[in-house]
Amino acid sequence: MWAFSIAVDGANKSGMDFLDVRVRFVYKATLYNLHLVAIPFHVQHTGLNMFEHLSKVLDVLCPDWKHRLIGVTTDGASNMTGKTLVWSHVSKT
């Protein structure tokens, strides 16, 4: 797999906040859309905090992710859009 995109969304289950991440990629002419991880989230839901949590996970799972990530989708929440957007922190790295 030479490239992938991710979908990021905040979630809440039984009073616990999570950063939910899905990965999308094509392999042998088939598009995959897989749940990657739900990261427990105990801090304020800012774009920077979400990016820091997400980048730690991606650093372990795919050390060269900054060269393979081609897109990020979100649900459009204010902490994921505009200048505080998770993607704006990704694109600066």
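Please work out if Leu31 is part of a strand (DSSP E or B) and over 12 Å from Val72 (Cβ atoms).
Numbers: part of a strand (DSSP E or B): yes; over 12 Å from Val72 (Cβ atoms): yes.
When the stated conditions are applied, Leu31 passes them.
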>> Please verify whether Val21 is buried (at least 17 other Cβ atoms within 10 Å of the Cβ), hydrophobic (A, V, I, L, M, F, W, C), at pLDDT 90 or above and within 10 Å of the chain's Cα centre (by Cα), treating the condition exactly as stated.
In response: yes
>> Going through Ile70, Ile6 one at a time, which residue ends up being surrounded by fewer than 15 Cβ atoms within 10 Å (Cβ to Cβ) and β-branched (Val, Ile, Thr)?
In response: Ile70
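The values are calculated or read from the model by the stated rules, or taken from the named source; none is laboratory data. Please read these numbers as outputs of a predicted model, since none were measured by experiment. Glycine also receives a Cβ, built like all others from the backbone with ideal geometry; neighbour counts cover every protein chain displayed.
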